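Colleague: Can you read through this structure? Questions will come right after.
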Amino acid sequence: QIEAVIQMLKGFKASQVQREQEVFGCMIHNLFDEYRFFPRYPERELLITGRLFGSLIQHQLVSSITLGIALRYVLEALRKQVSSSMFKFGMCALEQFKHRLVEWPQYCHHILQISHIRQSHETLITFIHQALAQPRKDTPPSSGGTSASAAGAAVEG
């Protein structure tokens, strides 16, 4: 069901129809506005939202400032207690876009600084270390600067 929503959002984002682009923008905006209420969500719904949130990042449906905000929200959630629903949201979201972590070394370092992740999520830590060990493919500032700057903005806030 998340995959169907992602495909629909991809279509709306790329659409030539202005109304579909507006619906896309509205859906993203509403999801981000709703973030402050995520701690009140029942766990099942929060995990579904985490999958959706992470999938937006994975499928590059958010970029620039919005990407930075999304990454910051996930990082904030990961810093919560392991037993909290928000931590579970963060882990669920991160699982969706972990293959993009190689693009954001600074973000990886911030995740590695979270002691309870280092202590209880060895597989993730290993994955991040492997991502950091990969040679970076530098992209020209005109096309690739937004991802790096978004990740930087995510950790500054």
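Colleague: Which of Gly11, Gly50, Gly90 ends up with the largest GNM mean-square fluctuation for the chain, with Cα atoms connected below 10 Å?
Modeller: Among Gly11, Gly50, Gly90, the largest GNM mean-square fluctuation belongs to Gly11.
Colleague: Which value, in Å³ per residue, describes the convex hull spanned by the Cα atoms of the chain?
Modeller: It is 115 Å³ per residue.
Colleague: In a GNM of the chain with a 10 Å cut-off on Cα contacts, which of Ser63, Ser85, Ser15 has the highest mean-square fluctuation?
Modeller: Ser15
Colleague: If you don't mind, there's one more thing I want to ask. Given the C-alpha centroids of the range 54-88 and the range 12-49, what is the distance between them in whole angstrom?
Modeller: 13 Å
Colleague: What spacing in nm lies between the two simple spin-label points modelled at Glu45 and Val23, each 7 Å away from Cα in the Cβ direction?
Modeller: The modelled label-to-label distance comes out at 2.3 nm.
Colleague: When Rg is the radius of gyration of the Cα atoms in the range 8-98 and Rh is its Kirkwood radius, what does Rg/Rh come to?
Modeller: With Rh from the inverse mean 1/r over Cα pairs, Rg/Rh is 0.99.
Colleague: Once the Cβ-Cβ distance between Ser115 and Glu95 is put in as r, and R0 is 25 Å, what FRET efficiency do you end up with, to the nearest 0.05?
Modeller: With R0 = 25 Å, the Cβ-Cβ based efficiency is 0.80.
Read the figures in this text as sums done on the coordinates, not as results from a lab. Computed from a predicted model, the values in this text were never measured in an experiment. When we count neighbours, we look across all protein chains shown, and the Cβ atoms used for this are built from the backbone with ideal geometry, even at glycine.
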